[in-house]
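What follows is a single structure, written as structure tokens, with notes after it.
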Amino acid sequence: MFAASLGALLAHSIDYAGMFPPCSLALEPALQNQARYVRDPDAWMLSTFVLPVIQFDSAKQLLPQFDPLHPLRVSALGPKTENAAAFREAFAETEAAIRSLAAHNVDLVSVNQLEMWLPKDVDLPVLNEARSIIGNLPAFWEAPAGTAPEIITLLAELNSDMDEPTFGFKLRTGGVTPDAFPTSTQIARALVVPATHQVPIKFTAGLHHPLRQYREEAQTRMHGFLNVLGAAILAAEHKWDEKQTVAMLEDENPESFSFDDEFFAWREWKIDIKRLNGRRKFVISFGSCSFDEPREDLRTLGLL
């Protein structure tokens, strides 16, 4: 059993990215893992399978291991491009591939979102053109952590005339080398931009563990997913400034975090489950090459 507030914070929060470092599995074993995870009692934490568009055709051959009750839900990862012209071309090819996969076997596979790198010269007209092509498919645009406030503000402008915000921001929170990890201040700046509270945000890389901690394999302190997801929620709920948000992101004490059936709290700051569920509409998920490590650590902490 686990507290209802933990369930609210972590429901469908992990995008399984087994094909990416440090796990770097081939497509077939990664999909075999996903097929097992969607049938696992902990599947309530599982969100999409991060699948590069270039692997779509190969994935079609492996769909029989899924079934209508346990389908493959895909986060389509588009290619990284260097400029707006290349982005336009790659985006058109990506959209065609998404349509092809989504129509291949509707009982076994669906494309639930798109993730793609945003070159620095992509502007409002280019993004408007992209939205006209993909319609209501949620898209998360990645850019360097240092430019997050500006990009989030741009995406908020694009979402302002939509009933539901379909364009979100993807923030990279780590990697396999120390220089791939943004500072707590850089993450905090993304979380306290007023526009962030109306722009869905997801995180990727480096969030294998619930709490911030030094990890020998990365030779640095890795951010914790309870720190990051929790700070995104509480910063919006309580209108935190950058300093307060950094304090939560850097807290390594498990006793600072509490979960019960009514509230999630960090130190003296609380949010009830109803408000937490509402905030989760904008704090979506984090990509992890492991679905096992996060769960094992939560059990070690006595939370799961």
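Scan the range 183-205 for residues that are under 18 Å from residue 222 (Cα atoms), assigned to a loop (DSSP other than H, G, I, E, B) and either of a type in the set (Ser, Thr, Tyr) or over 16 Å from the mean Cα position of the chain (by Cα) (or both) and jot them down.
Scanning the range 183-205 gives a single hit, 183.
Filter the range 175-199 for residues that are crowded, with 24+ Cβ neighbours inside 10 Å and not aliphatic (A, V, I, L, M) and give the result.
Answer for the range 175-199, where residues must be crowded, with 24+ Cβ neighbours inside 10 Å and not aliphatic (A, V, I, L, M): just 196.
Would a scan of the range 217-229 turn up a residue that is within 14 Å of the chain's Cα centre (by Cα), under 25 Å from residue 275 (Cα atoms) and in a strand (DSSP E or B)?
no
From the list 285, 258, pick out the single residue that is in a strand (DSSP E or B), of a type outside the set (D, E, K, R) and farther than 30 Å from residue 116 by Cα.
Step by step, each of 285, 258 is checked, and only 258 is in a strand (DSSP E or B), of a type outside the set (D, E, K, R) and farther than 30 Å from residue 116 by Cα.
Consider residue 36 against the criteria (1) open to solvent by 50 Å² or more (accessible area, probe 1.4 Å); (2) over 17 Å from residue 291 (Cα atoms); (3) at pLDDT 95 or above; (4) assigned to a helix (DSSP H, G or I): it satisfies all of them except one. Which criterion is unmet?
(2)
Tally time: how many residues in the range 197-215 are closer than 15 Å to residue 291 by Cβ and polar (S, T, N, Q)?
Residues that pass the stated criteria total 1.
Among the residues of the range 200-244 satisfying the criterion of being free of Cβ contacts under 8 Å to residues at least 12 places away in the same chain and of a type outside the set (D, E, K, R), which is most open to solvent (accessible area, probe 1.4 Å)?
214
The values are calculated or read from the model by the stated rules, or taken from the named source; none is laboratory data. Bear in mind that the values here come from a model prediction, so they are computed numbers and not experimental data. In this analysis, Cβ positions are derived from the backbone assuming ideal geometry, glycine residues included, and neighbour counts consider all displayed protein chains. Surface accessibility is based on the protein's heavy atoms, side chains included, excluding ligands, DNA and RNA. Shrake-Rupley method; radii C 1.70, N 1.55, O 1.52, S 1.80 Å.
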